[in-house]
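All remarks here apply to the structure that follows.
The values are calculated or read from the model by the stated rules, or taken from the named source; none is laboratory data. Since the model is a prediction, treat every value here as computed from it, not as a measurement. Please note: Cβ atoms are built from the backbone with ideal geometry, for glycine as well, and neighbour counts cover all protein chains shown.
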Amino acid sequence: MTNYENPMTDDDLIDRRRRVLRGARLYYDVPFHPVRAERYWIYDRAGRRFLDAYNNVPHVGHCHPHVVAALNRQAATLNTNTRYLFDSIADYAERLVGTMPPGLDAVMLTCTGSEANDLAWRLATTFTGNDGAITTHNAYHGNTTLLDSIDGSTIKVGRAPPDWWSTVPAPPDAAAERASAPNSPGAYAEAFDQAIATLHAAGHQPAALFLEPLFCTDGVRVAPRGFTSPAVERARGAGALLIADEVQAGLGRCGTHMWSFERLGLQPDIVVLGKPMGNGHPLGAVIARHDIVDAFYAKDRYFNTFAGNPVSCAVGCAVLDVMEREELRANAQRIGSMLKTALQSLAREHPLIGDVRGQGLLLGVELVEDRDTRAPAGKAARWVINELCRRGVLVGLTGPDRRSRNILKIRPPMVFDETAIELLTTTLDQTLAACASAMAA
Ligand code: PMP
């Protein structure tokens with residue numbers, strides 16, 4: 001049991017982890033050791049307070065009292081599996097469907113985003129009878145054997161990609177890549193024709209197009225509304241279903257909409273949810289057209305011991321309660337655009353910033369060696385996130401360049417406010433100035 005009064009040193013803990021957890025990675029050069037958290041504050045064991053501008057899992061705020069109370073109450077009353085009758089699974093499924101556009105009316109619950117994407121794939125292959133997958137070049141959709149084999153976000157040593165997987169570029173970001181091709185919806189759709197032709201040449205028809213509508217691991221891209229629609233129609237025309245992966249960008253994070261596929265103007269066949277749904281409790285979901293789900297159950301079965309249990313459903317409902325009561329989607333829109341403006345003014349001061357992009361509370365700050373060539377400043381980006389942590393602010397790193405991730409990922413709990421913006425931007429300003437000196441030295 002954790003002993004907060006007399007904790008072991010971090011070096012002891014790192015050593016014990018290495019022995020039993022082997023290659024499991026820790027974030028930051030000096031690993032961060034938090035012991036408690038609330039809202040967007042996270043405290044280390046010395047009682048020092050850090051600003052959490054990174055973690056999207058505690059979506060409605062770390063340890064939100066309403067969510068914790070719902071979890072405690074249900075855990076103290078009953079926790080069992082989905083083959084018995086209880087109210088909250090129907091309540092939760094109805095409430096999820098109520099957040100979706102008409103037509104997305106059937107729910108299957110999972111414990112993780114990976115399980116949900118894997119299950120979405122089973123639905124798509126059963127419904128279409130096809131076996132080909134299309135993703136964007138650098139997309140990550142999860143950790144199952146299937147999803148790992150179509151993971152474009154990490155380098156796989158000594159392993160060839162399967163011939164039933166084909167990739168397309170993420171759409172150009174509206175601001176960042178004005179000049180780069182494909183820069184029109186028509187040209188973008190042609191990239192999909194190529195991916196489909198590649199699958200055909202290998203003897204496969206596409207079953208699914210997985211799209212993550214804010215393209216996080218592709219570097220955070222805000223494509224104009226409608227930009228991806230002709231491309232999606234090409235994939236559909238070739239037989240694919242559209243799976244919108246809302247694991248990162250969903251549940252109001254983009255600010256303008258509850259789901260980020262809506263801001264792209266897309267109507268998916270299947271939507272995948274995860275991470276933020278349970279505010280830290282493992283909860284995910286597939287929401288699909290009922291004809292797709294019925295076709296699946298006619299041929300196959302799905303059972304998941306833990307998913308959709310009464311505790312999970314109570315937690316899921318409590319998260320939705322907080323979203324509504326505290327109007328957190330609207331907060332993401334208001335605070336997200338204030339934060340983006342503040343970051344853009346930092347970009348005017350610091351040549352290291354090549355671009356600020358994203359929407360709502362999912363923002364990327366791209367660091368570049370040179371604004372013209374846009375060569376990724378991966379070394380500086382790593383320096384900056386480590387130094388930010390040392391100065392008490394947590395942000396992450398992403399980017400399509402797998403060897404040199406250079407985009408600061410700012411994706412805080414949805415309760416972020418003006419105080420948090422001030423602290424984040426002041427600290428980032430100082431850190432970027434220090435970085436310029438450190439890199440020049
Ligand atoms: N899809 C996306 C877009 C993700 O970001 C992630 C997790 N990073 C997953 C799927 C997988 O979710 P999980 O880790 O809960 O399995």
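Across region 345-393, the number of residues qualifying as of a type outside the set (D, E, K, R), part of a loop (DSSP other than H, G, I, E, B), farther than 30 Å from MET258 by Cβ and modelled with pLDDT of 95 or more comes to 5.
Is it fair to say ARG348 is surrounded by fewer than 23 Cβ atoms within 10 Å (Cβ to Cβ), touching a residue at least 40 places away in the same chain (Cβ under 8 Å) and not hydroxyl-bearing (Ser, Thr, Tyr)?
Working: surrounded by fewer than 23 Cβ atoms within 10 Å (Cβ to Cβ): yes; touching a residue at least 40 places away in the same chain (Cβ under 8 Å): no; not hydroxyl-bearing (Ser, Thr, Tyr): yes.
No, not satisfied.
Within the set ALA295, ALA187, the sole residue that is at pLDDT below 95, out of contact with any strand residue (DSSP E or B) (no Cβ under 6 Å at 6 or more places or on another chain) and either closer than 22 Å to ASN55 by Cβ or surrounded by fewer than 23 Cβ atoms within 10 Å (Cβ to Cβ) (or both) turns out to be ALA187.
Considering the conditions (1) within 13 Å of the ligand (Cβ to nearest atom); (2) crowded, with 21+ Cβ neighbours inside 10 Å, ASP269 is excluded by exactly one of them, (1).
Residue pairs whose Cβ atoms lie under 6 Å apart, separated by 6 or more positions or on different chains, with the first residue in region 256-285 and assigned to a helix (DSSP H, G or I) and the second of a type in the set (Val, Ile, Thr) and within 12 Å of the ligand (Cβ to nearest atom), are LYS275/VAL57; LYS275/VAL247.
Selection of region 237-261 for residues being surrounded by fewer than 24 Cβ atoms within 10 Å (Cβ to Cβ) and closer than 17 Å to LEU209 by Cβ yields GLY237, ALA238, GLY239, LEU242. Where strands (runs of 3 or more DSSP E) fall entirely within region 126-213, none has at least 3 residues that are free of Cβ contacts under 8 Å to residues at least 12 places away in the same chain and of a type in the set (A, V, I, L, M).
For region 233-249, how many residues are touching a helix residue (DSSP H, G or I) at 6+ places or on another chain (Cβ under 8 Å) and more than 16 Å from the ligand (Cβ to nearest atom)?
7
Could you say whether any residue in region 27-46 is surrounded by 12 or more Cβ atoms within 10 Å (Cβ to Cβ), hydroxyl-bearing (Ser, Thr, Tyr), part of a loop (DSSP other than H, G, I, E, B) and at pLDDT below 90? Yes, the conditions are met somewhere in region 27-46. Could you tell me whether any residue of region 85-107 is away from the ligand (no atom under 16 Å from the Cβ), of a type in the set (Phe, Trp, Tyr) and closer than 27 Å to ARG289 by Cβ? Within region 85-107, one or more residues are away from the ligand (no atom under 16 Å from the Cβ), of a type in the set (Phe, Trp, Tyr) and closer than 27 Å to ARG289 by Cβ.
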